[in-house]
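Written out below as structure tokens is the structure these notes cover.
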Amino acid sequence: MPTAFITGANSFLGATLTRQLLARGWQVRGLIRPGSNDILLQDLPDLTRVTGDLLQPASWRKALSGCDALFHVAASYTHDPRSVARMKTINVRGTQVLLESALDAGIQRIVHTSTIGTIGQPQDGSLADEETPFNLPNPSAYVLSKRAGEQIALDLATQGAPIMVVHPTAMLGPGDWRPSASGRIVLAYLHDRPLRYMPGGVNWTPVQDVATGMILALEKGQPGRRYILGHARGNLSETEFRALLARASDKPAPKPREARWKQQLRRLLKTTPPPRPPSRPGTSPQRLTCNPARAIAELGMPQSDLLTAARQEVAWYRQMGMW
């Protein structure tokens with residue numbers, strides 16, 4: 001049986017990937033930080049747990065020996081100024097040490113997980129793809145760190161390393177315990193809180209499809225090539241996303257509060273919307289929509305039902321007492 005090493009094995013995506021690999025007959029060694037929440041792994045007796053820290057190679061380097069594949073999923077995400085320096089170290093230096101250690105160990109195929117946030121957005125409003133140059137004027141420290149880690153992977157691939165880079169979009173499905181930025185949007189809707197939603201839309205895809213796409217990237221991907229793991233019908237406006245969650249949760253989908261208030265004010269004042277002010281340092285992009293055609297055509301990236309994934313996520317949050 002082939003053996004895979006997965007960093008961040010206890011995460012939303014990492015645990016989903018771990019389960020899929022085990023179901024396919026793989027042996028899996030999962031890197032988990034000491035004291036981390038492992039709720040998604042507690043019923044997996046076949047998983048080999050590797051307790052360690054990405055910044056402490058001595059805690060995991062030996063576990064790379066004998067592995068056929070590496071999936072680098074782990075990353076740090078924060079906007080807390082006190083934690084930004086450590087986040088950068090994890091996402092950049094940690095990535096470099098891990099990838100170089102994997103190559104030294106003779107691992108034959110590597111999938112590095114980046115983010116849709118490192119893909120640029122066309123100025124003409126068309127959908128972004130893997131060739132769109134990054135153009136966010138004032139990216140956050142997180143995006144900068146992920147871009148730097150991604151570049152390390154691409155540079156190694158240029159030198160002949162068997163590394164593929166994947167860019168997951170916003171994910172729907174059960175198990176988002178942290179929760180991720182995507183999960184916080186879902187929970188905000190469920191708890192009737194304002195949604196921090198990109199005004200130009202977001203691409204959503206089932207987490208199960210993203211995990212499958214990563215395995216397909218390992219099997220079929222071209223080293224040095226980037227793959228957006230998203231859904232062809234997943235580019236949703238806030239109104240469309242609210243409608244999706246309304247169907248998934250049986251909650252009504254009112255118009256966004258801010259949008260309704262602005263519409264009423266503009267009718268009263270009979271004015272047009274003012275131009276957007278210049279972006280501030282660390283601001284978010286206006287949209288995270290994309291065209292995942294490459295992954296669909298070259299890898300066979302699945303395109304499962306978004307409503308089913310949303311219902312599974314809502315049901316999981318209800319089961320866990322988070323809603």
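The values are calculated or read from the model by the stated rules, or taken from the named source; none is laboratory data. This structure is a prediction, so every number in the text was calculated from the model and none was measured. Cβ atoms come from the backbone with ideal geometry, glycine included; neighbour counts cover every protein chain shown.
Condition check ((1) crowded, with 21+ Cβ neighbours inside 10 Å; (2) in a helix (DSSP H, G or I); (3) in contact with a Lys or Arg (Cβ under 6 Å, 6 or more places away or on another chain); (4) not basic (Lys, Arg)) across all residues:
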site: LEU156; (1), (2), (3), (4): yes, yes, no, yes
site: GLY160; (1), (2), (3), (4): no, no, no, yes
site: TRP177; (1), (2), (3), (4): no, no, no, yes
site: VAL186; (1), (2), (3), (4): yes, yes, no, yes
site: ASN203; (1), (2), (3), (4): yes, no, no, yes
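Might you let me know whether the range 25-32 holds any residue that is over 24 Å from PRO302 (Cα atoms), out of contact with any helix residue (DSSP H, G or I) (no Cβ under 7 Å at 6 or more places or on another chain) and surrounded by fewer than 21 Cβ atoms within 10 Å (Cβ to Cβ)? Checked against the condition, which is being over 24 Å from PRO302 (Cα atoms), out of contact with any helix residue (DSSP H, G or I) (no Cβ under 7 Å at 6 or more places or on another chain) and surrounded by fewer than 21 Cβ atoms within 10 Å (Cβ to Cβ), the range 25-32 yields no hits at all. Only a single item in (1) over 23 Å from PRO194 (Cβ atoms); (2) at pLDDT 95 or above is not met by PRO139, and it is number (2). Give the range 122-150 a look and list any residue that's within 17 Å of the chain's Cα centre (by Cα) and among the polar types (S, T, N, Q), or say none. Correct list: SER140, SER145. Pairing residues of the range 217-239 that are within 17 Å of VAL207 (Cβ to Cβ) and at pLDDT 95 or above with residues that are among the small types (Gly, Ala, Ser) and surrounded by fewer than 18 Cβ atoms within 10 Å (Cβ to Cβ), at Cβ distances under 9 Å and at least 6 apart in sequence or on separate chains, gives ILE228/ALA293; HIS231/SER304; ALA232/ALA293; LEU236/ALA243. Condition test on MET198, is it outside any loop (DSSP other than H, G, I, E, B) and among the aliphatic types (A, V, I, L, M)? Considered against the rule, which asks whether it is outside any loop (DSSP other than H, G, I, E, B) and among the aliphatic types (A, V, I, L, M), MET198 comes out as no. Name the residues in the range 39-95 that are closer than 18 Å to ALA148 by Cα and among the basic types (Lys, Arg), would you? Correct list: ARG86, LYS88, ARG93. Scan the range 45-66 and tell me whether some residue there is out of contact with any strand residue (DSSP E or B) (no Cβ under 8 Å at 6 or more places or on another chain), crowded, with 19+ Cβ neighbours inside 10 Å, of a type outside the set (Val, Ile, Thr) and touching a residue at least 40 places away in the same chain (Cβ under 8 Å). Looking through the range 45-66, none of the residues is out of contact with any strand residue (DSSP E or B) (no Cβ under 8 Å at 6 or more places or on another chain), crowded, with 19+ Cβ neighbours inside 10 Å, of a type outside the set (Val, Ile, Thr) and touching a residue at least 40 places away in the same chain (Cβ under 8 Å). Restricted to the range 77-104, and to residues there that are in a loop (DSSP other than H, G, I, E, B) and free of Cβ contacts under 8 Å to residues at least 40 places away in the same chain, the residue that is surrounded by the most Cβ atoms within 10 Å (Cβ to Cβ) is SER83. Pairing each residue of the range 105-133 that is outside any loop (DSSP other than H, G, I, E, B) with any residue that is crowded, with 19+ Cβ neighbours inside 10 Å and acidic (Asp, Glu), provided the two are 6+ apart or on different chains, yields C-beta distances under 8 Å for HIS112/GLU150; THR118/GLU150.
Okay, residues lined up against (1) part of a loop (DSSP other than H, G, I, E, B); (2) under 18 Å from THR113 (Cα atoms):
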position	(1), (2)
LEU17	no, yes
LEU22	no, no
VAL28	no, yes
LEU40	yes, no
LEU55	yes, yes
LYS62	no, no
LEU70	no, yes
ALA74	yes, yes
